[in-house]
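Some notes on the structure that comes next.
Throughout, read-outs are computed from the coordinates displayed, never taken from laboratory work. Source: prediction; values computed, not measured. So basically every Cβ, Gly included, is an ideal-geometry build from the backbone, and we count neighbours across all protein chains shown.
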Amino acid sequence: MSKSIGLITLIAGLIIAGAAGAQGMLLDYAADRVIQKYTTSTCEQLKAQKDNPKSEKEKMAIDFLRNDTQARQAFIDKIAAPVANKMFECGLFP
């Protein structure tokens, strides 16, 4: 749970960051944290977290990624393979 809060806080920081360089570094860090969460969590932990409601900070981070195409593409490009593989292993991915 604390990993999720840290990740949410970090992604929310992306919204505040104005410089493209700093934004890229924050995106990389956030992506690394997501990858770490998925590679170190058990399937049971991931399934339990799936149904948890999103916090306001997490909603803000998701809105940021929805509105910034380049940031979203960079973030997804980095996390796609490891996250999708773990989701498939856990039966969370059809």
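Summary of computed values
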item	result
Theoretical gain in end-to-end length, K47 to I62 [0.36 nm per residue, Cα-Cα removed]	3.4 nm
Reachable aspartates and glutamates from K54, criterion Cα separation under 17 angstrom, eight or more residues apart if same chain	D63
Efficiency of FRET from Cβ geometry, D77 and T39, R₀ 30 Å, rounded to 0.05	0.95
Extension gain from Y29 to F93, taking 0.36 nm per residue of separation minus the Cα-Cα distance	20.6 nm
Packing-based order for 71-83, 40-52, using average beta carbon neighbours within 10 Å, highest first	71-83, 40-52
Where N is the number of residues in the stretch 36-92, Cα Rg divided by 2.2 N^0.38 Å	1.24
